[in-house]
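K.L.:
One structure follows; several queries about it will come next.
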Amino acid sequence: MLDRLKFNNLVITNKKVIQKARAQTIAKLIQKLRKSKDALAKHPDAEKEKTRLRKNTECLAQLKALKCLDIVRQSLLQEGTNPNTVIASERSTPDELGIAMLRLNKLMHGLVDKFMDALELKSDKDAKWREEILESSKRRAKQERTEEKKRKRKELKEQKAQTKNRLEWLEQNKVQNGDSLEVEVPAAPEVKQQEPDLPAKIEPTAPKVIPKKEPRKKTEKKERIVREKPQRKVKPTENKQTVRDHNAEKRPRRETKQSEEKEPKPEKDRPTHVVDPFFITESGQPYLSTAVVLDENNDREADEKPPINKFRNEDRTSYQKRPERHTEFRPKRTDDRHPSWLAKQQQKPVIGDFRGKKIKFSETGETSETSAPIHNSQPSLATPASTEGMHPSWVAKQKWKPKIAAFQGTKIKFDE
């Protein structure tokens with residue numbers, strides 16, 4: 001009794017050895033093929049070399065196609081026969097030749113002996129394991145069944161398609177040869193006069209005329225549908241022309257309005273910044289003030305309002321600006337710093353200026369002077385205004401603006 005589970009496990013464990021043995025035999029076969037090709041190049045009429053070349057090529061193709069399980073199975077079945085006799089015989093198939101050449105390999109020869117000992121197989125020709133090893137497994141049997149079902153379904157589909165095509169061809173030929181069938185109808189009464197005893201033969205001619213009318217109606221309908229299509233295509237061409245003419249009338253009006261809006265108005269040259277000598281920037285240059293002093297003649301310029309952008313067209317008459325919804329739920333913009341860092345900064349204690357009174361004691365211990373503290377420290381630069389709700393581009397512009405430096409000179413006080 002063959003233990004199939006043990007056999008499969010042995011094949012899986014020795015898979016690399018089987019592949020190595022097959023690679024070695026394939027290399028030997030390739031060398032033989034080269035030798036036979038060289039011999040044929042010298043003697044092209046040698047029949048022995050031709051047969052050798054043919055056998056070796058077939059054997060090589062079979063060895064490449066065989067799986068590890070099939071190699072072990074067939075090599076075990078050949079056990080008890082000499083592989084050299086199989087190679088020498090002309091009746092041996094290319095599959096048998098490939099297995100015999102594999103058995104001559106040392107690795108494969110040792111594997112076969114190992115399988116025989118592990119599975120306790122005998123080399124008798126009438127042993128039961130030879131029949132059991134040929135039986136396909138449940139998985140393989142299932143695969144074969146599914147393949148056979150697929151093949152049968154394919155054949156049925158092909159037969160159905162063939163019959164369908166045949167019926168269509170017959171119907172088309174009936175429609176085309178309808179005139180010839182109508183000519184055969186008047187020949188029927190002549191048969192009645194000659195042979196009055198056979199009325200049954202005349203009856204099948206009548207139903208042949210009935211199916212002639214149905215295909216004609218179908219063809220007439222098809223012709224009508226084809227004739228109606230070009231009439232429908234003509235309609236959109238007329239509509240396009242009317243729309244183009246209508247749009248051409250509207251364009252000059254819009255172009256005139258746009259030209260009036262785009263006409264540049266003459267602007268008078270006026271200064272944008274004025275040098276303010278009172279303030280000095282951190283770089284040491286005088287501060288450029290934007291407070292421009294206008295002349296009496298230019299009083300009208302201050303009253304002028306910037307032009308409103310007219311973006312509405314004739315089509316956009318019902319446009320209304322909608323207010324933003326759910327503004328109270330949106331988070332307000334804060335500094336770029338992380339919220340945890342801002343929270344830590346707020347919790348830190350801030351050291352303020354000394355707000356008490358300074359008391360000086362004399363040598364005796366009595367208070368001589370009491371005075372408020374005088375802070376000589378330089379005034380700190382103005383804290384940057386909060387950028388809440390401002391556009392990022394506007395914040396960047398504020399950073400590049402020149403700042404007024406702190407007073408670093410000497411203050412001179414004059415008496416009365």
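K.L.:
Find the residue count for the stretch 23-49, including only residues that are closer than 20 Å to Gln62 by Cβ and either of a type in the set (A, V, I, L, M, F, W, C) or in contact with a helix residue (DSSP H, G or I) (Cβ under 6 Å, 6 or more places away or on another chain) (or both).
P.N.:
9
K.L.:
Now a separate question. Considering the stretch 129-146 alone, what residues qualify as being surrounded by 10 or more Cβ atoms within 10 Å (Cβ to Cβ), among the charged types (D, E, K, R) and assigned to a helix (DSSP H, G or I)?
P.N.:
Hits for the stretch 129-146 are Arg130, Glu131, Glu132, Arg140, Lys142, Glu144, Arg145.
K.L.:
Quick test of your reading of the structure: Asp124 fulfils all but one of (1) in contact (Cβ under 8 Å) with a residue 60 or more places away in the chain; (2) not in a helix (DSSP H, G or I). Name the failing condition by number.
P.N.:
For Asp124, the failing item is (1).
K.L.:
For Arg54, which of the numbered conditions (1) within 20 Å of Gln31 (Cα to Cα); (2) of a type outside the set (Phe, Trp, Tyr); (3) crowded, with 16+ Cβ neighbours inside 10 Å fails to hold?
P.N.:
Against the list (1) within 20 Å of Gln31 (Cα to Cα); (2) of a type outside the set (Phe, Trp, Tyr); (3) crowded, with 16+ Cβ neighbours inside 10 Å, Arg54 comes up short only on (3).
K.L.:
With the condition kept exactly as written, say whether any residue in the stretch 91-101 is surrounded by 11 or more Cβ atoms within 10 Å (Cβ to Cβ) and more than 51 Å from the chain's Cα centre (by Cα).
P.N.:
yes
K.L.:
Please go through the stretch 26-50 and pick out each residue that is closer than 22 Å to Lys64 by Cα and not hydroxyl-bearing (Ser, Thr, Tyr).
P.N.:
Once the filter is applied, which keeps residues that are closer than 22 Å to Lys64 by Cα and not hydroxyl-bearing (Ser, Thr, Tyr), the stretch 26-50 yields Ile26, Ala27, Lys28, Leu29, Ile30, Gln31, Lys32, Leu33, Arg34, Lys35, Lys37, Lys50.
K.L.:
Given the structure, is Phe407 modelled with pLDDT of 70 or more, outside any helix (DSSP H, G or I), aromatic (Phe, Trp, Tyr) and surrounded by 10 or more Cβ atoms within 10 Å (Cβ to Cβ)?
P.N.:
The answer is yes for Phe407.
K.L.:
If you don't mind, another one. So if I check each of Ala88, Ala23, Ala46, which one is over 18 Å from Ser136 (Cβ atoms) and modelled with pLDDT of 90 or more?
P.N.:
Step by step, each of Ala88, Ala23, Ala46 is checked, and only Ala23 is over 18 Å from Ser136 (Cβ atoms) and modelled with pLDDT of 90 or more.
K.L.:
Scan the stretch 50-64 and report the pairs whose first residue is assigned by TED's automatic domain parsing to the domain that holds Ser89 and whose second residue is among the hydroxyl-bearing types (Ser, Thr, Tyr) and surrounded by 16 or more Cβ atoms within 10 Å (Cβ to Cβ), with Cβ atoms within less than 7 Å and a gap of 6+ or a chain change.
P.N.:
Arg52/Ser36; Leu53/Ser36; Asn56/Ser36; Leu63/Thr25
The values are calculated or read from the model by the stated rules, or taken from the named source; none is laboratory data. The model shown is predicted, which means the values in this text are computed figures rather than measured ones. Neighbour counts run over all protein chains shown; Cβ positions are idealised from the backbone, glycine included.
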